[in-house]
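K.L.:
If you scroll down you'll find the structure; I have some questions about it.
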């Protein structure tokens with residue numbers, strides 16, 4: 001246990017040193033205070049997109065996954081086609097459809113959240129489906145043999161066991177979604193990537209772009225650490 005803690009301490013120190021040095025040498029300190037505030041707000045925009053799309057994706061994804069387990073052929077066919085369409089088309093095109101065409105009258109942030117959320121829902125649905133399928137079928141059969149209906153069997157017996165596989169995968173989907181938000185600048189949303197690109201064009205320096213990369217790296221590293229803690233907690237009783 002002590003060796004494990006020491007390893008984590010060394011990893012944290014290396015991470016802090018790497019991010020600290022990277023931020024020190026790449027932060028565009030020559031920009032105005034207004035631009036510094038705008039840069040911070042752009043990171044907030046990135047987090048709003050990520051959190052909003054994640055919530056929407058999880059809600060829709062869970063609904064789709066549970067509906068599929070009802071075994072209605074026509075409905076399952078439609079859900080499968082929806083998942084194939086979403087996963088088979090670039091997220092940038094989906095963004096353009098919602099921001100520039102379908103919901104063009106709205107503030108661009110909200111159509112972008114919807115587009116990213118719908119994109120994420122297809123992956124969440126597959127995560128939930130595979131997580132539930134990872135539970136031995138005998139669990140469902142035993143629950144039904146005890147007289148429990150399908151809903152109760154799924155809610156009380158199967159799903160609690162599937163959570164261990166679903167939660168870490170959902171956390172990783174959150175990380176992937178956080179990085180995918182970098183494309184929203186293509187539809188005019190000023191996230192941290194777009195703000196860094198704007199500053200780079202103003203300063204004629206690559207520092208803002210590299211600084212944005214440092215911010216992404218630091219954020220993903222923190223999210224990944226939280227995911228590992230979650231996995232460790234879930235596996236504690238194995």
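Coordinate-derived values only; no laboratory data. Here the structure is a predicted model, which means the values were calculated and not measured. Note that each Cβ is placed from the backbone with ideal geometry, even for glycine, and that neighbours are counted across all protein chains shown.
K.L.:
Looking at 23, 40, which is the one that is without any contact (Cβ under 8 Å) to a residue 60 or more places away in the chain and not in a loop (DSSP other than H, G, I, E, B)?
P.N.:
Values: 23 fails: without any contact (Cβ under 8 Å) to a residue 60 or more places away in the chain.
So the residue among 23, 40 that is without any contact (Cβ under 8 Å) to a residue 60 or more places away in the chain and not in a loop (DSSP other than H, G, I, E, B) is 40.
K.L.:
Does residue 54 satisfy the criteria of being under 30 Å from residue 160 (Cα atoms), touching a residue at least 60 places away in the same chain (Cβ under 8 Å) and surrounded by 15 or more Cβ atoms within 10 Å (Cβ to Cβ)? Working first, answer last.
P.N.:
Details: under 30 Å from residue 160 (Cα atoms): yes; touching a residue at least 60 places away in the same chain (Cβ under 8 Å): yes; surrounded by 15 or more Cβ atoms within 10 Å (Cβ to Cβ): yes.
The answer is yes for residue 54.
K.L.:
Condition test on residue 93, is it under 23 Å from the mean Cα position of the chain (by Cα) and exposed (fewer than 13 other Cβ atoms within 10 Å of the Cβ)?
P.N.:
The answer is yes for residue 93.
K.L.:
Continuing with this model, one more query. Return the pairs, sorted by first residue and then second, in which the second residue is part of a loop (DSSP other than H, G, I, E, B), the first residue lies in the stretch 200-213 and is within 12 Å of residue 26 (Cα to Cα), the beta carbons are less than 6 Å apart, and the residues are 6+ apart or on different chains.
P.N.:
What qualifies is 207/28; 208/28; 211/27.
K.L.:
Separate question: So is residue 74 assigned to a helix (DSSP H, G or I), out of contact with any strand residue (DSSP E or B) (no Cβ under 6 Å at 6 or more places or on another chain) and free of Cβ contacts under 8 Å to residues at least 24 places away in the same chain or not?
P.N.:
So residue 74 passes the test.
K.L.:
Also: In this structure, is residue 29 closer than 30 Å to residue 192 by Cα, assigned to a helix (DSSP H, G or I) and out of contact with any strand residue (DSSP E or B) (no Cβ under 9 Å at 6 or more places or on another chain)?
P.N.:
Values: closer than 30 Å to residue 192 by Cα: yes; assigned to a helix (DSSP H, G or I): no; out of contact with any strand residue (DSSP E or B) (no Cβ under 9 Å at 6 or more places or on another chain): yes.
It is false that residue 29 is closer than 30 Å to residue 192 by Cα, assigned to a helix (DSSP H, G or I) and out of contact with any strand residue (DSSP E or B) (no Cβ under 9 Å at 6 or more places or on another chain).
K.L.:
Now a separate question. Restricting attention to helices (runs of 4 or more DSSP H) lying wholly within the stretch 134-238, give those where 3 or more residues are farther than 25 Å from residue 16 by Cβ. Outline the logic, then answer.
P.N.:
Working: elements: 137-145, 150-153, 159-180, 192-203, 207-234.
Once the helices (runs of 4 or more DSSP H) in the stretch 134-238 are filtered for at least 3 residues that are farther than 25 Å from residue 16 by Cβ, what remains is 137-145, 150-153, 159-180, 192-203.
K.L.:
Is it true that residue 122 is in contact with a helix residue (DSSP H, G or I) (Cβ under 9 Å, 6 or more places away or on another chain) and crowded, with 16+ Cβ neighbours inside 10 Å?
P.N.:
Working: in contact with a helix residue (DSSP H, G or I) (Cβ under 9 Å, 6 or more places away or on another chain): yes; crowded, with 16+ Cβ neighbours inside 10 Å: yes.
Yes.
K.L.:
Shifting gears a bit: Hey, can you tell me all the residues within the stretch 45-71 that are in a helix (DSSP H, G or I) and more than 22 Å from the chain's Cα centre (by Cα)?
P.N.:
First, the residues of the stretch 45-71 that are in a helix (DSSP H, G or I): 45-68.
Residues satisfying the conditions are 67, 68.
K.L.:
Looking at the structure I just gave you, is residue 7 more than 30 Å from residue 204 (Cα to Cα), surrounded by fewer than 11 Cβ atoms within 10 Å (Cβ to Cβ) and more than 16 Å from the chain's Cα centre (by Cα)? Lay out the reasoning, then the answer.
P.N.:
On the way: more than 30 Å from residue 204 (Cα to Cα): yes; surrounded by fewer than 11 Cβ atoms within 10 Å (Cβ to Cβ): yes; more than 16 Å from the chain's Cα centre (by Cα): yes.
Answer is yes for this residue.
K.L.:
Same structure again: Restricting to the stretch 99-133, what's the tally of residues that are more than 19 Å from the chain's Cα centre (by Cα), part of a helix (DSSP H, G or I) and free of Cβ contacts under 8 Å to residues at least 24 places away in the same chain?
P.N.:
First, pick out the residues of the stretch 99-133 that are more than 19 Å from the chain's Cα centre (by Cα): 99-108, 132-133.
If we keep only those that are part of a helix (DSSP H, G or I) as well, we get 99-102, 132-133.
Within this subset, residues satisfying the condition of being free of Cβ contacts under 8 Å to residues at least 24 places away in the same chain are 101-102, 133.
Of the residues in the stretch 99-133, 3 are more than 19 Å from the chain's Cα centre (by Cα), part of a helix (DSSP H, G or I) and free of Cβ contacts under 8 Å to residues at least 24 places away in the same chain.
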